[in-house]
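The values are calculated or read from the model by the stated rules, or taken from the named source; none is laboratory data. Model, not experiment: these values are computed from the prediction. We place every Cβ from the backbone using ideal geometry, glycine too, and count neighbours over all the protein chains shown. Heavy atoms of the whole protein, side chains included, go into the accessibility calculation; ligands, DNA and RNA do not. Shrake-Rupley method; radii C 1.70, N 1.55, O 1.52, S 1.80 Å.
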Amino acid sequence: MPSTALTLLVLSRFDVHGAAIRDLITTVLSVALFVTAGLLIYRGKLLTFYAARVGELSARQTNWLTLVSGAVLGVLVSISSVGAGAIGVTFLILLYPGLPMARIVGSDIAHAVPLTLVAGLGHWILGSVDWHIFGSLLVGSLPGIFLGSYLPARVVELALRIILALTLAVVGSKLAFEQIQNHLATVVSSPNQ
């Protein structure tokens, strides 16, 4: 929560509708989407590598790394709205390998709700919420929750992870490509650079 509030405070010092914030959000969002896609595909290999190289952490190290993970997620969610899902779960799996998956997912969801609430309220105060999009997302969420609860029991988990990872990678690539095009257009149109 403190990193969310601090990130929102920093964002409030800039024009949230200006080019600098747009570029920051686009860059952070595309990187977060690529990281999330990679974690969906390679989480098992990362966990195996981590277990072989790092082993077990002390309680103090685990607590400290959990705080750092929370801070990173607070910044990511405040800037891009990405991070509390696959990235947060991966952090928790790495830090708490003996914890049952249901408790990891439950803890991550319980963390994501107030985190996104604070970030959402901050963006509302900053004037960067489109209420039409917000309403449409809320209306679409109800059938989405039903489908999300119904489909995983009937579709192979690997197929779902691959589809989701590919979707995230395509969106991340599109954002990164647009960002590169915008920078090239700026460089070409500005003779001083």
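Structure summary
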{"item": "Residue check for Ile25: open to solvent by 40 Å² or more (accessible area, probe 1.4 Å), farther than 19 Å from Leu73 by Cα, among the aliphatic types (A, V, I, L, M) and within 17 Å of the chain's Cα centre (by Cα)", "result": "no"}
{"item": "Positions within the stretch 62-100 being β-branched (Val, Ile, Thr) and modelled with pLDDT under 80, in sequence order", "result": "Val82"}
{"item": "Scan of the stretch 3-31 for residues that are closer than 30 Å to Arg161 by Cβ and touching a Gly at 6+ places or on another chain (Cβ under 6 Å), ordered by number", "result": "Ser3, Thr4, Ser30"}
{"item": "Selected residue [modelled with pLDDT of 90 or more and loosely packed, with under 10 Cβ neighbours inside 10 Å] from Ile133, Ile125", "result": "Ile133"}
{"item": "Out of Val31, Val72, Val16, Val77, sole residue that is surrounded by 13 or more Cβ atoms within 10 Å (Cβ to Cβ), touching a residue at least 60 places away in the same chain (Cβ under 8 Å) and not in a helix (DSSP H, G or I)", "result": "Val16"}
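Yes or no, residue by residue, for (1) hydrophobic (A, V, I, L, M, F, W, C); (2) on the phi < 0 side of the Ramachandran plot:
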site: Arg103; (1), (2): no, yes
site: Asp108; (1), (2): no, yes
site: Val118; (1), (2): yes, yes
site: Gly127; (1), (2): no, no
site: His132; (1), (2): no, yes
site: Pro143; (1), (2): no, yes
site: Phe146; (1), (2): yes, yes
site: Ser149; (1), (2): no, yes
site: Ala159; (1), (2): yes, yes
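Quick grid of which residues meet (1) under 26 Å from Thr4 (Cβ atoms); (2) assigned to a helix (DSSP H, G or I); (3) among the basic types (Lys, Arg); (4) open to solvent by 90 Å² or more (accessible area, probe 1.4 Å):
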residue	(1), (2), (3), (4)
Ile93	yes, yes, no, no
Arg103	yes, yes, yes, yes
Leu166	no, yes, no, yes
Thr186	no, yes, no, no
